[in-house]
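S.K.: I'd like to ask you about the structure that follows.
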Amino acid sequence: MPRRKRFKVPGPKEACRDRSCPLYGKLMYRLDLRLHVLKEHKLNMASHDLLPHCSSSGFSKKTDMKYRQARQCYHPYCPKQGSFFGRFDKHLRTTHNLTVEQYDTLMEL
């Protein structure tokens, strides 16, 4: 009788607890979280577990979701001018080589 393959169960999901992280409150498997914490935050899981838990919704303040708000790009040389971007900071960084702060000061002028 052939032996059945056993698949590892990924285990429970946990969230990144670093408030400055774009993945704050996002659920991921413990192994993926361990790799994320080690690579992005240079912490081990024991140090990460000492950080305060996320709120039940993952975000405790409206400012924590600032990076997720869709914004329109009005940069004069943007090929997609007027388009909405969910990751506006990524669009500015890759397309215009700007930060959100630099873009905001540029648009105020």
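The values are calculated or read from the model by the stated rules, or taken from the named source; none is laboratory data. These numbers were taken from a predicted model, which means no experiment stands behind them. When we count neighbours, we look across all protein chains shown, and the Cβ atoms used for this are built from the backbone with ideal geometry, even at glycine. Just so you know, the surface numbers come from the protein's heavy atoms only, side chains and all, with ligands and any DNA or RNA stripped out. Shrake-Rupley method; radii C 1.70, N 1.55, O 1.52, S 1.80 Å.
S.K.: Return yes when residue 60 is under 15 Å from residue 21 (Cβ atoms), among the small types (Gly, Ala, Ser), open to solvent by less than 100 Å² (accessible area, probe 1.4 Å) and modelled with pLDDT under 85 and no when it is not.
M.R.: Working: under 15 Å from residue 21 (Cβ atoms): yes; among the small types (Gly, Ala, Ser): yes; open to solvent by less than 100 Å² (accessible area, probe 1.4 Å): yes; modelled with pLDDT under 85: yes.
Answer is yes for this residue.
S.K.: Residues in the range 21-32: is at least one modelled with pLDDT of 85 or more, touching a His at 6+ places or on another chain (Cβ under 6 Å) and in a helix (DSSP H, G or I)?
M.R.: Scanning the range 21-32, I find no residue that is modelled with pLDDT of 85 or more, touching a His at 6+ places or on another chain (Cβ under 6 Å) and in a helix (DSSP H, G or I), so the answer is no.
S.K.: Something else now. Are any residues in the range 78-109 at pLDDT 85 or above and hydroxyl-bearing (Ser, Thr, Tyr), and if so, which ones?
M.R.: Hits for the range 78-109 are 94, 95, 99, 103, 105.
S.K.: Considering only the range 91-106, state which residues are within 14 Å of residue 78 (Cα to Cα) and either open to solvent by 70 Å² or more (accessible area, probe 1.4 Å) or of a type in the set (S, T, N, Q) (or both). Walk me through it before giving the result.
M.R.: Step one: of the range 91-106, the residues within 14 Å of residue 78 (Cα to Cα) are 91-98, 103, 106.
Across the range 91-106, the qualifying residues are 93, 94, 95, 97, 106.
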